[in-house]
Structure formats: C-alpha cells, structure tokens
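The structure under discussion appears below in the form of structure tokens.
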2 protein chains.
Amino acid sequence: MEKFLEDAAAALGPRGLTRDADLIAPWLTDWRGRFTGKALALASPGSTAEVAELVKLCARHNVPIVPQGGNSGMSGGATPDGSGTALLLSLRRMTAVRAFDPAARQITCEAGLILENLHNIAARENLRFPLTLGGKGSATVGGLISTNAGGTQVLRHGSMGALVAGIEAVLADGSVWSALVPLKKDNRGFDLKQLLIGSEGTLGIVTAATLKLVPALADRVVIWAGLPSLQVARALLLHCEDTVGNALEGFEVIPADSLASVCAYNQTARIPVEGEHAWHALIEVVADAAGTESLRERAEEMIAAAFEKGLLEDAAFSTNETQAEAFWHLRETVPLAERAKGPAVQHDISVPVDRMPDFVDAAIARMEAAHPGTQAIAFGHLGDGNVHFHVIAPPGSERAAWEAGEGKAISAEVHDMVTEWGGSISAEHGIGQLKLGELERLGDPVHLALMRRIKAALDPHNLLNPGKLVALAPEGPSA
Amino acid sequence: MEKFLEDAAAALGPRGLTRDADLIAPWLTDWRGRFTGKALALASPGSTAEVAELVKLCARHNVPIVPQGGNSGMSGGATPDGSGTALLLSLRRMTAVRAFDPAARQITCEAGLILENLHNIAARENLRFPLTLGGKGSATVGGLISTNAGGTQVLRHGSMGALVAGIEAVLADGSVWSALVPLKKDNRGFDLKQLLIGSEGTLGIVTAATLKLVPALADRVVIWAGLPSLQVARALLLHCEDTVGNALEGFEVIPADSLASVCAYNQTARIPVEGEHAWHALIEVVADAAGTESLRERAEEMIAAAFEKGLLEDAAFSTNETQAEAFWHLRETVPLAERAKGPAVQHDISVPVDRMPDFVDAAIARMEAAHPGTQAIAFGHLGDGNVHFHVIAPPGSERAAWEAGEGKAISAEVHDMVTEWGGSISAEHGIGQLKLGELERLGDPVHLALMRRIKAALDPHNLLNPGKLVALAPEGPSA
C-alpha cells in the first residue's frame, strides 16, 4: 500500500493526494448523514490524464476506487465502506469548460463543474441547462450523470440522460473512452454513453461531458392551484398537456398537511390560494422563444377552462418573477419542513402516471393502518409519475432505533407495494448502498443477472465503486 | 441439425417454421440488393414465449440466429451470411398491440408491427408516433429499434432511442428480459434498454416495446426556400430555431442538381420557387396544441425576418395539406431520382452541425477532383448534422465493377474525411455487414474493445446476428 500511495502522490502532485484525516473527514459521510466510511486517502486529480494514471495504479495494486462529486447524493453512492481499503477519488478539481458553442447549444465541461455554475455560464449566452434540484450549489456534472439525476423539469426536458450529448470516462483498466462527440445522430454501435449514465461509477469514472442547452426562458407563468384530490390533479395535468403542450414545464403536487408544515417551518410563507384544499398543485408554463406575447393569456385560458371542467377549486397566477420564485420556494421547502417533523423514512418512487393517484391513496391508508401513530405523506413530480413518499414516526420515537426498526419494516412494505403496482423503488435518487439490498430482493432476476454480466465484463476485478448499485453474483467476480 | 429443425417445428407449429426455398428466398436478399445469404430455415414465431423457446433450442444446438423485421434496413443487418448455417428469425407475425393508453400517450406493441400501421393506430386517438421514413410501409417497430432509426423528424423528436419507453427482449440464453415499464423515471441500475436499442440484434431479440406518442398535429406550414449556399442554410436554421423554437420540426436541404434530377425523374414535379438557387431548404413548422391560430403568422414573420437578414433568396409557403405533401414529396423523391442516375456509392454521415456546410463543400471538391468524371452530391437532414452523401460513377460505368473498384475506394476516402472532421460514418443507417470493416478500420479502439466485451458478456457463443455491427476480438469469443 505504501508503494501505491507513493506512486499516486508522485503522479498527482502535492494538491492531488492527501492522507490528512481532517481534510478527508468531511467527505466520508454522505450529506444526509446516513453512511460513514473510511478511505485510504483522498485523491483529487486535476485532469483526465491524471485520473487515467491513477486508475492504472489502482488496477495494478488492486485498490478499490470510490468516485465522488459534490457528495450530495441521496443513496450513499459516493461514500466508501468501513474497511478503509478504498481510495476516495474526488472530481471536484476538474471544473474546466473545454468548449462552449452557443449556436449549437452545446457545452463540454469537466465532471467537477458545479450545477449552479453551469447554470450561470449558460445564462451569459442567453441559454440554460434545463435541470435543477435542491443541491445545485454542490452537485457536480459528473455526479448528476452518474446518478441520472432528475429534478423539477423532467416533465419537459427529461432526466440527465436526455441532456448528455457525449461523455468522456476512464475505464477500469485506466483507458480513456472519449465520446465527447457533439453529433446529433451517430449509429456506430452500442450506446455506451447511456450505459454509463446512471451507473453510479461502477462501470467507469465520468471525467467530462458534452451537454445540451436550451434557450433561456423568455417568460414564465407559475400557477398555484387548490384541488380536492390527486385524481383531479391527474386530470388537470392531462388538461394542461392537451392545452399548452410543450409549454408545460413543471407540475408538482403538495398535500395540505405538507403545506401546513411549510408554514410552520417558515413563518413568512404564504399560501397563494384561500380556503381549504386537500391538495395543491404548482404548474409552470413557459415560453422560450420570441413571438410568445400570448403566454399569460394562454395560461389564463387553460386555467379558466380547467375551472369550468371542475378540475380545480381555486388558482393564483404569479404576476412577476419574485412571485414565481415565491411559489417555487413553497414547493422547495417541503422536504425541509417534513424533515423537521422528526424521524421518518423516505421513498423516492415512481409508478405509471395514471396509477399514481390511486397508489398514493392506497399507500397512505395501508401504512397508517398497519403502523398506528405514523403519518404518511406524498409530494413531488406528479407529471413524471414520481413522488417522494415519507412515513413519519409516531411522536416521541427515538430516531436511530425507530429508523432501524419499524422504519425499515415500513420501507420494505412500501417497496413491496410499489413493485406490486408496477413501479420503481428508485425513480431519481439511484440505488447506491442505500437500496442495494432492496434492489436485490425485488428486482427482476433477469435484469440483475444482465447487470452482473456487464459489471464483470467492464470491471472484472470489482474495483470501481464496489458495493454500490450492482451486487456481485453469489460466485463472486468472474476474474 | 435435423433434430434441431424437428424440435423447432414442434415448438412453433405449422405456421412457425418453413424450409421451403421459395418462401424463404425473398428474405435472403436485402432490399437494396447488396447482400444475399442462405438460411437453414425461416422461423416465424407468434409470441415471445415461442421466440424464447426457439432461442433456447438454438443455444442448445449452437445455431446462429439472424433476426429480421421488414427487411428494409440499409446496411445488410438482417441478411444472413452465405454459409447457410443460420436460422432466419422473422418477427413479422408478432404484430399485436398489447396496450394503448392514449391519456398517458403510450402504446405497447409487438416487434412486427409495421410503422405505417402504428401511425394509423395512433391517429385514431388524435395522437402520432413522430418518426417516419421512406420504408414506413415495411419497416417494423423491432427493426426500427434494433437500428435506432432516424428519419425527418429527429430534429424535434429525436431518433428511435428517444421514443422508446420500455422494451421486451429475448436474450442469448432464451431468457426474457421484460422492461415494458411505462415509467417516466426509473433509476434501478444500468439503462439496458438503451444498450439494446441500436444493437442490431447482436445482444438480444427485441420482441415488444412501449413507445411514446405525441399529440397529433393541429396544423403545419411547410416552407420551401431558395438559398445561395449551405452556409446560409445553416444560418437560416439557427434563425428558425431562435424564432420558433420547438415548433420547428423539419429542416432538410437539397442541392439544385438533385432537384433537377427529381424533375427529370418525375415530369409532374414542380419546384415551389422561381429562379436559380444553388440550394433549397424544406422547413416544417408545426403546432400540436390548441391556441395556436397564429402558426402561419409566426412562420411568415420568421421567413420575412430571414429575408431581411439575407438568409434566403426566395420562399414559398404551403397553403394547404396537399401542397405541404407535395413539398415533402419533392424531398422524398431525391433518393430515387439520384439512384436513377446510375451506379453510385452512398454514405450516411454526420458531422457536428456547425461544420456540416464546410464539410460538404470540401468533400464534394475533393471527391470530384480525385475521381474525374464522378459527381458528388449531398442532401438531407441539415438540422441533425446528417447528410446523405452520394458519389455518382462517371457516365457509362459498369455498376458492379465500378462499385467494387473505384466506388469502394471513394467510400473509404469519404469515411476517412468524415473521421478527420470528427463525424460518424453511420449517422442513422447503422453498421450491419455493410460498414463493419470500416468501423473496425476507423473506430476508436477503446470503443471497439468495450463493444466486444459487452458482446462476449451477453452472447458468449456469438449466436445473435453474428458478423453484424461488432466484430469479435482477434482471439475469438470468450466462451
């Protein structure tokens, strides 16, 4: 090991490798505080060539590698295990923009570029990168690609995978696979780019990417609606899609209870509509090109027609950007407000969009009945068939004990139910180490076997982010 | 072999297997007449279970399988080799629509469904499947998926890969991988769906798919423009994207010579604009939702502004659907008119969109200078950075001799040049057997090695469409 560390230090230079426990410590626990590991050292290469050199050294010395971006993942995918044998590999020093072609609406940047910085760079050319999420101040391009991140704009623009035009990655043997081709069409074989996207660093280490940009928003209208049920919300969503088509960029739902929690958490929060409503929807309608002076008119017509059809009880329109931001802030505060309620288990699940309302009703009823004293709530991306389903512990529960006991049992029941309904136990947060056991328990055996074969083919010695996403076959790695 | 054929006949029933040479013959030559092979028999299973059973038999008896849809591929990917050892597996009997959810805009159908039938089924619910191409009357869903087909709507809707929500496939060992999940978001591991899309039957046999639909067009305006150069066409494309954004659904270019060929080929064809123009562009602007009564006005403003900027010399607008169809018919006749000119070599290439105009000029100049008497022309999907680049033999050339001699040399030179310019030797037609040698010659070794590893992992005995898309490593299959 000393020989490996010496060689790595020589390859990466003084800024590139540290064994200082104080410097490493902040990166050994995931941001949600669920997992803590140990690492041999923290490597911070400054270039793809350095990553390649380092991975070759790791291959030679059989050192496992845990790649890490902003350490803001939701499933512990960037946290090493407790053995201390793995090298923690930070991509955070690699932040260069290698090319930016505003006319082609493409940018090629390195894996460590932080999402918010990418947003700002695009904005300077009147463009935008249409993916955003709560952790935008720390989440990196490489991490977003490795987890195929979602967010609140998936309805219109898709998840990360839909926004990546090309990738550069270092493979398990240290070779560099470079496919930063800004080609719109390319049928030269298997789509290895999509294979790497969402593979959580288990097949290769993403070092750079060519990303698609879209025009900056010319205008937007955010609508806050009060609704009697999630079934009506679904009908309203269809109505909006039929009425304004592609101009619909966001459709989020929040139950009355969660909104009350937001108001309790943030005393200055104000609900845009009056009266009692079982559910609330946040609807964003946008225009990203000229000639769209009628956006507000279209949004108003859409909502007026919905009102006539009985698809909402009340609605408020943002009249300026400050108000639009305020509406979104209510939505974005939900996770924090919910977390403040005490111990809870959270589930990032999807089911077919048309089944989502009935699923949520059934899941809430089943969990609260089976686990007296708990409160179940769902909120999120109805337009994508993806909700965040939380079950909050009975008042007074001790966090660690409850989460490890009843909480864990509840999660298994939620995942069973999602599977019965034809859904996914991970809509956008990935598997990491958090859900690996559940994926093994509930996943399609044919799918799991395929994943193992591909993992063994691309990483035969199981050195790339071991213990995440893909469990090895019972007989161990094929090497 | 007799034992295999007996077992296969028993498994598939009387309609499912034939050894009748007359019945098999039409399917042994690709539709362009470039490749002819032999087959042990023609299997036509009627269900996924029958495909799975058949593949298990093939695995047991070591029989290679060549899957085939409509036999309208462009690269010989569905034609067996000359050995006669392979089983030709037609998916054409599997045409069922398993589920159709108009509200969710999704349809689940079997691999043999013909594209034009899919269009018609979608249209009945005021929806459409936004991919079309010349072979729509024979091309099947399975073939389109296996080749990641493109067409004229990629600019807005993407290639086939962007339109597939889920897949069912039979793997090399006969297991059925079923991922027909109509989920918009699902991060449960590697995206094996995208790996199978475009894999030309070398990793699995696609038996069914869940496809995304979009609203039917409420209106469209097709514009025919005369232009001085391809550089100006590119500037016009950017102008259109900036002006109408997502309403731009097609942007095709045709050189004056090709348009003259169309008029010679079809005496009733009429060019929509007067005067001489070096290039012509077909621009389609669409509206697929209500509230778009201003579509024509927007299109007219877009073209008026382009005219003021000097981005076109003349333009004509379709005033009704008949005229819109007539404009498109001119474009669609180009390949036929070009083919009628005599022997030629054709290339389906892409380069980064911004480099395409200069590439076309340079490639035409270089090929015509190096090969006196030839004529080089380019036409197609400028919006995607994808043109079809033909080099027509000197008058009087004998087809077979010229294509095998000078034609082959020209193709190599075109592919060299595309590679130098950072482009792809196959933008949308795939590799098949036609371009396998060229992919091996010009492809990135790291990419080719990755493909071989994945092929060996998923099809260790090389039974799935051998000799297509992915060449085995010099040391042969890992099995």
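A short reminder: the numbers here are calculations on the coordinates, not readings from a lab. Predicted model only: the values in this text are computed from it and were never measured. For neighbour counting, all protein chains shown are included, and Cβ atoms are generated from backbone atoms with ideal geometry for every residue, glycine included.
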> Quick one: label points 7 angstrom along Cα→Cβ at B:Glu6, distances to the other copies in nm, smallest first?
Replying inline: 7.0
>> On alpha carbon coordinates alone, what is the Rg over Rh value for region B:2-90, Rh being the Kirkwood radius?
In response: 0.95
> Ranking A:Met302, A:Met451 by Cβ neighbours within 10 Å, fewest first, what do you get?
Replying inline: A:Met451, A:Met302
> Excluding B:Lys56 itself, what net charge comes from residues whose Cβ is under 13 Å from its Cβ, given Lys and Arg +1 and Asp and Glu -1?
Replying inline: -3
>> Within 13 Å, Cβ to Cβ, of B:Gly407, how many net charges do the neighbouring residues add up to if Lys/Arg are +1 and Asp/Glu are -1?
In response: -1
>> Please compute the average number of Cβ atoms from other chains found within 10 Å of each residue's Cβ in peptide A:346-358.
In response: 3
> Placing a label point 7 Å from Cα toward Cβ, how far apart in nm is B:His329 from its equivalents in the other copies, listed shortest first to one decimal?
Replying inline: 6.1
> Taking only the alpha-carbon positions of region B:264-394 and ignoring solvent, what does the Debye formula give for the base-10 log of I(q)/I(0) at q = 0.10, 0.21, 0.22 Å⁻¹?
Replying inline: -0.42, -1.42, -1.46
> B:Ala363: net charge of surrounding residues, Cβ under 12 Å, Lys/Arg +1, Asp/Glu -1, itself excluded?
Replying inline: -4
> Can you list the HN-Hα couplings for region B:85-96, worked out from phi with the Karplus curve (6.51, -1.76, 1.60; θ = phi - 60°), rounded to whole Hz and with x for Gly and Pro?
Replying inline: 8, 8, 8, 8, 10, 8, 9, 5, 6, 8, 10, 5
>> So for each of B:233-240, A:217-224, B:427-434 I average, over its residues, the number of other beta carbons within 10 Å; can you give me the resulting order with the highest mean first?
In response: B:427-434, B:233-240, A:217-224
> Extent of chain A along each principal axis, from alpha carbon coordinates, in Å, largest to smallest?
Replying inline: 73, 56, 43
>> Between region A:374-413 and region B:40-94, how far is it from one alpha carbon centroid to the other, in angstrom?
In response: 49 Å
> Counting only other chains, what is the mean number of Cβ atoms within 10 angstrom of the Cβ of each residue in peptide A:444-456?
Replying inline: 5
> How big is the gap, in Å, between the Cα center of region B:95-150 and the Cα center of region A:256-333?
Replying inline: 37 Å
>> Give me, ordered by chain and number, the residues 5 or more places off A:Glu249 or on other chains with an amide H under 5 Å from its own placed amide H.
In response: A:Glu284, A:Val285, A:Val286
> Ordered by packing density, taken as the mean number of other Cβ atoms within 10 Å over each peptide's residues, highest first, how do A:126-135, A:395-404, A:204-213, A:458-467 rank?
Replying inline: A:204-213, A:458-467, A:126-135, A:395-404
> Can you give the average number of partner chain beta-carbon atoms within 10 Å of each beta-carbon in peptide B:384-397, as a whole number?
Replying inline: 1
>> Give me a comma-separated list of calculated 3J(HN,Hα) values for region A:185-195, in order, Karplus coefficients 6.51, -1.76, 1.60 applied at θ = phi - 60°, integers in Hz, x for any Gly or Pro.
In response: 9, 7, 10, 9, x, 4, 7, 6, 4, 5, 5
>> Going 7 Å from Cα along the Cα-Cβ axis for the label, what nanometre distances separate B:Ala449 from the same residue across the other copies?
In response: 2.9
> Which percent, to the nearest 5, of DSSP beta bridges fully inside chain B are antiparallel?
Replying inline: 90 percent
>> I need the phi-derived Karplus couplings for region A:117-134: 6.51 cos²θ - 1.76 cosθ + 1.60, θ = phi - 60°, integer Hz, Gly and Pro marked x.
In response: 5, 4, 4, 5, 5, 5, 4, 4, 9, 6, 10, 8, 9, x, 9, 8, 7, x
> Which order results if A:Met356, A:Met1 are arranged by neighbouring Cβ count within 10 Å, fewest first?
Replying inline: A:Met1, A:Met356
> When the helices in chain B are scored as -39500 (n - 2.57) per DSSP H run of 4 or longer and the sum is shared across all residues, what 222 nm value do you end up with, to the nearest 500 deg cm²/dmol?
Replying inline: -10000 deg cm²/dmol
>> Between region B:198-220 and region B:435-475, what is the separation of their alpha carbon centroids in Å?
In response: 25 Å
> Label A:Ala340 and A:Asp354 with points 7 Å out from Cα along Cα→Cβ: what is the distance between them in nm?
Replying inline: 4.0 nm
>> Take B:Glu2 and A:Ala9, extend 7 Å from each Cα along the Cα→Cβ direction, and tell me the distance between the two endpoints in nm.
In response: 7.5 nm
> What is the set of long-range amide H partners of A:Ala208 at a cut-off below 5 Å, with H atoms built 1.01 Å from backbone N?
Replying inline: A:Ala111, A:Glu168
> Convex hull volume of the Cα atoms in region A:219-337, per residue, in Å³?
Replying inline: 95 Å³
>> Quick check of the Kirkwood formula: for the protein assembly as shown, what is the inverse mean of 1/r over all pairs of different Cα atoms, in Å?
In response: 29.4 Å
> Among B:Thr374, A:Thr419, B:Thr85, what is the fewest-to-most ranking by other Cβ atoms within 10 Å?
Replying inline: B:Thr85, A:Thr419, B:Thr374
